[in-house]
Amino acid sequence: MTTAQEIMHAGATCVQESETLQDAARRMKELDVGALPICGEDDRLHGIITDRDIVVKCLARGKDPRTMTAGQLEQGKPITIDAQADADQVLHTMEEHRIRRLPVTDDHRLVGMISEADLARHLPEDQVGHFVEVVCAAS
């Protein structure tokens, strides 16, 4: 049985709620990622910010990424999965919520992220194909 912890990319780097979108974009470039978890002062996950969020919710609306913060883009409670969840639970959660990135937690602390690429590396082709059909094709 493959677990979320075995699938995930460990060591996800957070952007703090108080950091600017410019800082978040720089960090995404440095890490070569398209999304970062947003963490609060309590070091707990508060949301996720994507490169698309920065473009659509800030730049396209004429806002300044040097002053707008990551916390201003938080929306609702983030969907997460426990590190010990099995691969079927991971896929079900991502498919049910139609999400392409899934934060992995252990004892309510962020320990990693699962992306489409992680699924492709660790799961059988038929499972990944079904995921793509459900989540990506529906977008």
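The values are calculated or read from the model by the stated rules, or taken from the named source; none is laboratory data. Computed from a predicted structure; not experimentally measured. All Cβ positions, even for glycine, are placed from backbone atoms using ideal geometry, and neighbour counts span all protein chains on display. SASA here: full protein model, heavy atoms, side chains in, ligands and nucleic acids out. Shrake-Rupley method; radii C 1.70, N 1.55, O 1.52, S 1.80 Å.
Taking every residue in segment 110-139 that is farther than 23 Å from Ala12 by Cβ and pairing it with any residue that is among the hydroxyl-bearing types (Ser, Thr, Tyr) and at pLDDT 85 or above, at least 6 positions away or on another chain, yields no pair with a Cβ-Cβ distance below 8 Å.
Would you point out the residue of segment 1-14, among those that are of a type outside the set (S, T, N, Q) and within 12 Å of the chain's Cα centre (by Cα), that is most open to solvent (accessible area, probe 1.4 Å)? Here the residue is His9. Mind checking whether some residue in segment 75-83 is in contact with a Leu (Cβ under 7 Å, 6 or more places away or on another chain), within 16 Å of Ala12 (Cβ to Cβ) and in contact (Cβ under 8 Å) with a residue 60 or more places away in the chain? Scanning segment 75-83, I find at least one residue that is in contact with a Leu (Cβ under 7 Å, 6 or more places away or on another chain), within 16 Å of Ala12 (Cβ to Cβ) and in contact (Cβ under 8 Å) with a residue 60 or more places away in the chain, so the answer is yes.
For residues in segment 129-139 being touching a Lys or Arg at 6+ places or on another chain (Cβ under 9 Å) and of a type in the set (Val, Ile, Thr), which is most open to solvent (accessible area, probe 1.4 Å)? This residue is Val134.
Just one of the listed residues (Ala117, Ala70, Ala60, Ala83) is under 25 Å from Ala25 (Cα atoms) and touching an Asp or Glu at 6+ places or on another chain (Cβ under 6 Å), namely Ala70.
Counting the residues of segment 89-127 that are open to solvent by less than 70 Å² (accessible area, probe 1.4 Å) and among the charged types (D, E, K, R) gives 3. Scanning segment 20-34 turns up one or more residues that are of a type in the set (Ser, Thr, Tyr), surrounded by 12 or more Cβ atoms within 10 Å (Cβ to Cβ) and modelled with pLDDT of 90 or more.
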